[in-house]
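Taken together, the values in this text are just the output of simple stated rules run on the coordinates, not laboratory data. Quick caveat, the model's predicted, so the values are computed rather than measured. Please note: Cβ atoms are built from the backbone with ideal geometry, for glycine as well, and neighbour counts cover all protein chains shown.
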Amino acid sequence: MLNSPKKQQGIALITVLMILAIMVTIASTMTGRLTLSLKRTEGLIFSQSVYWYGQAAGDFGRMVLNQDFSDSEVVSLDQNWALPEMAFPLENGSIAGEFKDLRSCFNVNTLGHRKKGEDDDDNNEDNDGIDKDTISVTALEQYQALLEAIGINDYVAEIIAGSTRDWIDKDDENNTAQGAEDSFYQARAVSHLAGNNLMVDVSELRAVQGVGQKVYERISPYLCAIPTVKQKINVNTVKVEQAAILYALFKKKFDIPLADFTTLLEGRPISGWNNIEGFLASSIFSDLIISTEFKKQLSVTSEYFQLTGTAEFEDRTIAVQLLFKMDEKKAKVIRYQSGGLK
């Protein structure tokens with residue numbers, strides 16, 4: 001019989017098992033989705049935490065710089081900011097990195113062309129009465145001398161120097177025979193225009209004529225891009241192995257051998273020179289007449305510092321780069337960049 005009690009019981013059992021299977025499937029799916037949601041939430045929490053740790057790098061940088069500037073009138077390599085691979089532990093993570101004094105490298109933005117009477121962002125406080133065209137030409141010669149001193153051949157150095165100036169200046173005219181403006185870059189495989197403004201980061205040089213990957217890797221440690229057209233090299237923080245930076249400043253007018261600058265930096269006082277006069281009292285400058293205008297390119301202090309490092313929280317890491325400017329012995333973050341979250 002179709003409706004026998006045993007068959008009805010079997011159908012009921014199958015129905016119960018089917019319902020149970022469906023419920024198990026639904027429960028399993030819900031559990032999986034809940035687990036995924038929890039992992040996503042955890043990931044967001046960790047990512048947000050490491051982001052804020054990256055932001056905290058600004059406080060870390062300010063603390064170090066403010067401490068160094070509070071009790072010193074000069075900036076030198078024996079101060080806390082110059083310590084390699086600094087690390088600051090935090091709960092479940094850390095901030096680590098290194099400072100670079102951006103007055104210990106050649107400021108490519110010095111090549112920026114300025115007409116007479118046109119001031120830069122610092123109101124031209126140190127260049128009063130000096131022809132801006134003269135400053136730009138001098139910077140071009142110094143830049144080319146630096147490139148040649150670090151192994152770039154004369155012709156390529158001339159191309160890079162002229163093209164860098166054309167990239168930064170505000171006009172669309174080639175200021176040197178080997179320069180490059182919009183017409184050159186528009187004809188390239190990946191068409192683009194010249195910046196026609198100060199560089200924000202020295203990595204912009206990769207877009208400039210003549211600067212391939214190998215050339216960039218060679219020259220970038222000697223260069224920086226500061227938001228000003230002024231050149232001020234801190235003689236207390238130039239590394240011995242980068243003595244070519246100082247050599248390039250003096251090359252055109254005084255032609256002092258590079259080896260002399262290397263020797264000079266090797267014998268530099270531990271806490272640096274107290275003033276420019278102390279630096280220029282060195283024997284390699286004997287009998288040289290160094291003008292006031294030229295001396296303005298030298299300094300024993302600095303106001304721009306770059307912190308490059310990482311922030312970590314649990315298993316998340318983020319790369320950070322901050323640019324600080326000192327104002328009345330207080331550090332301010334004027335640029336923050338982050339990336340590489342993983």
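Could you order peptides 230-240, 181-191 by the average number of other Cβ atoms within 10 Å of their residues, highest first?
Ranked from most to least packed, the peptides come out as 230-240, 181-191.
Once the Cβ-Cβ distance between Ile334 and Glu73 is put in as r, and R0 is 22 Å, what FRET efficiency do you end up with, to the nearest 0.05? Walk me through the intermediate numbers first.
Details: r = 23 Å, r/R0 = 1.03.
It comes out at approximately 0.45.
What does the highest-first list of 317-329, 156-168 look like by mean Cβ count within 10 Å? Don't jump to the answer; show the numbers that get you there.
Working: 317-329: 18.0, 156-168: 24.4.
Final packing ranking: 156-168, 317-329.
Just subtract the alpha-carbon distance of Thr317 and Lys295 from 0.36 nm times their residue separation and send over the number in nm, one decimal.
Values: separation 22, 0.36 × 22 = 7.92 nm, distance 4.39 nm.
Computed gain between Thr317 and Lys295 is 3.5 nm.
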Label model pair Val16, Lys253: point-to-point distance (7 angstrom along the Cα→beta-carbon line) in nm is 10.1
Taking a crude spin-label model, label points 7 Å out from Cα along the C-beta direction, the Met30 to Phe285 distance in nm is 8.0
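For the peptides 332-339, 13-20, what is the packing order when you average, over each peptide's residues, the other Cβ atoms within 10 Å and list the highest mean first?
Numbers: 332-339: 13.4, 13-20: 10.0.
Most protected by this proxy first, the peptides run 332-339, 13-20.
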Scalar couplings 3J(HN,Hα) for the range 288-302 by Karplus 6.51 cos²θ - 1.76 cosθ + 1.60 (θ = phi - 60°), nearest whole Hz, x for Gly and Pro, are 9, 9, 9, 5, 4, 4, 5, 4, 5, 8, 10, 7, 10, 9, 8
Exposure-ranked with fewest Cβ neighbours within 10 Å first, Cys224, Cys105 stand as Cys224, Cys105
Going through Lys100/Lys296; Lys252/Lys332; Lys214/Lys295; Lys214/Lys332 one by one, the pairs whose alpha carbons sit over 32 Å apart turn out to be Lys252/Lys332; Lys214/Lys295; Lys214/Lys332
